[in-house]
Amino acid sequence: MDIIIKSFNRVYYLDRCLHSIFLYLQNFKGEIYILDDGSPQIYLDKIQLKFPGIVILKSPNYEEKSKAILDKTFNFPSTIPSKFWYESVLDLSDYFMVLEDDMWFTENCDVSELNDICKNENLALLKLFWVSNPKTVGSNIVKRNRGIEVYNPDLKSRSPKFFKYIYMKYNPIWRGILSLFRLYTKESELQYYTIYSVAGAVFKKDYYLSIWDDAYAIVDEKQQLLNAVQYYNKFNVAFAKVNKEVLKTGFMSSATLKYHYPDFSILDFNCMLNEYWLRNDNAFNNNLSLDLDTNEIINILHSYDKPEAYILQWLDWVNSFKAQFRKIGCNI
């Protein structure tokens, strides 16, 4: 079973991710591919030195994005490298893990056993974590097998047409009518995430390719959910989760701008932590049961002479980011 890790200019998190893989994964015999979209070469060289067995692949826009990071202009192309992600998995194992650079393992995980279960149960998707949100994993468990729970997705309908007209077609009047007759609820929409995940999971290759088949410019989760429904409607596949989450994800930063502040930029923040990591490459590998330590980051920001306004706005950014997930039921 191979592993792909999507990466963009957060090597301080990527290093944590890779560290956890070699710490917790057992019987892993596949390849680890870093699909990088612009992290400057000096950081990738250090990552390659620390983990010589990994393979680093670069997106078509790598050079342009890397230069924008080094110049600190942050003028990036508006498209995401979804075609690169799609093409990178074509020659992978039939089942593979998809991670993002800000995810890391917290529990032992036997990869050979996972692979066998995926094949034997004909799983399309095996979730390794769900940010403690029970709404995005199935509760109707039909089989338990060596720490894996196979579930029946509790969907309003498996019909692609139903999903398209109920959940993809939107205007306030139409949504109001659907809500009045209980054809649409936010809870029923979230249930479709029991058959879908962006990362933090093991994917059957043809299922993954079907989800990303027409996502070559931007990430459109509704379109990908429709693709997942179409696949589930067409093929006799199963879905599952581990009985206990084995991954965590970070909320101290993101790869892209989400909120705007007068004195704080998450892109500048990432550059700073990357620079710090280059001189202190084990600084972010401790206490994997929790996210990066807030006080340690504040000390790093002070060492770069960042004003209090910058630090306070970063803390507000983190709270806003977490609130976005708590709003849909995640326990952070």
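What the table shows:
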{"quantity": "Fraction of antiparallel bridges per DSSP, the chain only, in percent to nearest 5", "calculated": "45 percent"}
{"quantity": "Rg(Cα) / (2.2 N^0.38 Å) computed for segment 254-326, rounded to two decimals", "calculated": "1.11"}
{"quantity": "Trypsin sites (Lys or Arg not before Pro) within segment 31-123, DSSP loop, no more than 12 other Cβ atoms inside 10 Å", "calculated": "Lys72"}
{"quantity": "Cα-centre dipole for segment 88-208 with unit charges at Cβ (Lys and Arg positive, Asp and Glu negative), debye to 20", "calculated": "960 debye"}
{"quantity": "Convex hull volume per residue for segment 191-253, taking Cα atoms only, in Å³", "calculated": "118 Å³"}
{"quantity": "Stokes-Einstein translational diffusion, segment 1-88 - Kirkwood Rh over all Cα pairs, 0.890 mPa s, 25 °C, in µm²/s", "calculated": "180 µm²/s"}
{"quantity": "Dipole-positive endmost among Asn270, Ser254, Asn287 within segment 254-326 (Cβ charges, Cα centre)", "calculated": "Ser254"}
{"quantity": "Chain lengthening between Thr256 and Asn27 when straightened (0.36 nm per residue, less Cα-Cα)", "calculated": "79.0 nm"}
{"quantity": "Arg144, Arg10 arranged by Cβ crowding within 10 Å, fewest neighbours leading", "calculated": "Arg144, Arg10"}
{"quantity": "Base-10 log of normalised Debye intensity for segment 59-113 (one unit scatterer per alpha-carbon) at q = 0.26 Å⁻¹", "calculated": "-1.11"}
{"quantity": "Degrees between helix 111-121 axis and first principal axis of the chain (Cα, 0 to 90, nearest 10)", "calculated": "20 degrees"}
{"quantity": "Kirkwood Rh in Å, taken over the chain so that all alpha-carbon pairs contribute", "calculated": "21.0 Å"}
{"quantity": "Cα lying deepest toward the dipole's positive end in the chain, options Leu183, Ile311, Phe96, charges on Cβ", "calculated": "Leu183"}
{"quantity": "Within the chain: Cβ-based charge dipole about Cα centre, in debye rounded to nearest 20 (Lys, Arg +1; Asp, Glu -1)", "calculated": "1460 debye"}
{"quantity": "Computed magnitude of the charge dipole of segment 254-326 (debye, nearest 20; Cβ of K, R +1, Cβ of D, E -1)", "calculated": "280 debye"}
{"quantity": "Sparse-neighbour loop sites [trypsin sites (Lys or Arg not before Pro); segment 217-273; at most 11 other C-beta within 10 Å; DSSP]", "calculated": "Lys244"}
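Any read-out appearing in this document is the output of simple, stated calculations on the displayed coordinates, not a laboratory observation. Model, not experiment: these values are computed from the prediction. Cβ atoms come from the backbone with ideal geometry, glycine included; neighbour counts cover every protein chain shown.
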